[in-house]
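Student: Sharing a structure here in structure tokens format.
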Amino acid sequence: MASAEAHLEVEALPPISEGDMNEIRAALEKGDLRAAATKAQEILANEEQIQLHIAVTGESGSGKSSFINAMRGLQDHEEGAAEIGVMETTMECSPYPHPQDSHVTFWDLPGIGTPDFTPDTYLKEVQFDRYDFFIIISSSRFTYNDATLAEEIQARGKHFYFVRSKVDQDMSNERRLYDEEGVLKAKGKQATEIRPQRYDEMALLASIRQDCERNLARLGIRSPQVFLVCRDDFSMKYDGPRLLQTFLDDLPSEKKLSFLRPLAITSKEVLRQKKKELMKYVWLKSLTSCGASAVPIPGLSTSVDIAILVTSLKEYCRTFGLAEESLQKLAEQVNKPVEELKAVIKTPLDHEITKDVVIKLLTKSIGSAVQYPLLVLKVIPVVGWVIGSLASAAISFPSTFFLLRNFLSDAAADAERVLQKALEGTTQKSHLWS
């Protein structure tokens, strides 16, 4: 811990109201740690209940259901997956909660322009106010109805995103026109700007994107932005990573963590933002652990709520994909043995977090709490100085703070190593590992 101070920076505070913050401060100023901890627990409980509703719409056969399944980390045939079909299988707004977090729900909406859902009444029929943002999908060209819907969504103050699906099929069809060396097969035909002499995947993707954007511009959409995706390896191919990042950038601060929690770590940026958002709540979890349910730990000069710490560490593991099921899925996705991914992990996995593990980690963190108590005041300027004045929390709070903060950082480092190992030797590494 000799370099602890160098690695501690002022923490960003979670998006909680000024009233809640003042209530915690007032309780601490009175020396009422129990009341402050109770309020902190209430804030955390409310954050965990934040709902996120994402609407997905498009014409029949556009790939809506497959897109929803991909966003939820499911194959089309798996239990709980949205039903797929070339005919319009969605006749009503169908909710599909994320299997890892039921607070995030994707809604499969009927296609606009169907007999029961005409453009002039569509948003009313699908209950517009329910959704945080809209995804408009097409597997070919976007239509007048798509453009009209986007304009109405924007006029009502919500975000929308144009997603061009089934791009892998377009790429495969085009690749058939070239030989194994990537040279155009067609004899007697000259290469054109649209179809060059040599196969160029990036140029083809740019051509598809530009065609969609030009078409939307003709339909009246100003500065349209289109994201190209495919069903398989959605979060790692084409514009999948950029689309996920755009969702995250546009979400209000209080909903970012809700979106991030179940999101698979497919890039270094997603990993960084998960860590950043989770770190904001470390001081609240530390305060809660020192509150009403705190009990003395035998052999240690501190009183904490071990159950809260166990739950928190498990949450960090799950959020960073350090759980058996998540690792197994990633291994299958990149076609590597799961043991190869596990070999780079240094922290305990989700199922390995126990009371004994937490006490062992707490013992190590107490040394930091004693040696660097003023650092906690530095990184939590709002309440740190008050907690430092309470004898009952003088060791307990900084101990749990260092425990949670260090484990979170270690878990994030493990997730980074796992992702790096998973991407070794793949074509995705260059644009995801940045």
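Student: Distances over 23 Å make up what percent of all Cα-Cα pairs in the range 14-141?
Tutor: Beyond 23 Å sits 48 percent of the P(r) for the range 14-141.
Student: Continuing with this model, one more query. With labels modelled as points extended 7 Å from the Cα through the Cβ direction, what inter-label distance (nm, one decimal) is found for Ala206 paired with Asp232?
Tutor: Taking the two extended label points, one gets 2.7 nm.
Student: For the residue pair Lys329 and Arg198, what label-to-label distance in nm results when each label sits 7 Å from Cα along the Cα-to-beta-carbon direction?
Tutor: About 3.9 nm, to one decimal.
Student: Related question: Could the peptides 309-320, 216-227 be put in order, highest first, of the mean number of other beta-carbon atoms found within 10 Å of their residues?
Tutor: Most protected by this proxy first, the peptides run 309-320, 216-227.
Student: Between Glu48 and Met91, take the C-beta separation as r, use R0 = 41 Å, and let me know the FRET efficiency to the nearest 0.05.
Tutor: It comes out at approximately 0.75.
Student: Between Ala155 and Ser172, what length comes free when the chain is fully extended (0.36 nm per residue of separation minus the Cα-Cα distance, one decimal in nm)?
Tutor: 2.3 nm
Student: Additional query: Starting at 0 and stepping by 10 Å, how many percent of the alpha carbon pairs of the range 145-294 end up in each bin?
Tutor: Result, from short to long distances: 9, 26, 27, 19, 11, 5, 2, 1, 0 percent.
Student: When the chain is fully extended, how far beyond the present Cα-Cα distance does Thr246 get from Val310, taking 0.36 nm per residue of separation?
Tutor: Full extension from Thr246 to Val310 adds 19.8 nm.
Student: Here is a further query. Just to make sure I understand: if all protein chains stay in place, what is the order of Lys124, Lys329 by accessible area at 1.4 Å, largest first?
Tutor: Output order, biggest surface exposure first: Lys124, Lys329.
Student: Probe radius 1.4 Å, ligands and nucleic acids ignored: give me the carbon and sulfur share of the accessible area of the range 32-96 as a rounded percent.
Tutor: 48 percent
Student: At 1.4 Å probe size, with every protein chain present, just tell me what the per residue accessible area of the range 72-181 comes to in Å².
Tutor: Accessible surface, normalised per residue, equals 53 Å².
Student: Can you list the lysines whose alpha carbon is less than 25 Å from that of Lys30, not counting same-chain residues fewer than 8 positions off?
Tutor: Excluding near neighbours in sequence, the set is Lys39, Lys280, Lys285, Lys378.
Student: Now for a different question. Between Ile359 and Arg130, what FRET efficiency comes out of the Förster formula 1/(1 + (r/R0)^6) with R0 = 41 Å and r the beta carbon distance, rounded to 0.05?
Tutor: Between Arg130 and Ile359 the formula returns 0.35.
Student: Can you compute the modelled spin-label distance between Leu13 and Tyr144, with each label point 7 Å from Cα toward Cβ, in nm?
Tutor: It works out to 5.3 nm between the two label points.
Student: Tell me, what is the FRET efficiency for Arg25 and Gln420 to the nearest 0.05, using R0 = 45 angstrom and their Cβ-Cβ distance as r?
Tutor: Using R0 = 45 Å, I get an efficiency of 0.60.
The values are calculated or read from the model by the stated rules, or taken from the named source; none is laboratory data. The shown structure was predicted, so the numbers you read here are calculated from the model rather than taken from an experiment. Heads up, the Cβs are rebuilt from the backbone with ideal geometry, glycines too, and the neighbour counts pull from every protein chain shown. Each accessible area value is taken on the protein alone, full model and side chains, heavy atoms only, with ligands, DNA and RNA left out. Shrake-Rupley method; radii C 1.70, N 1.55, O 1.52, S 1.80 Å.
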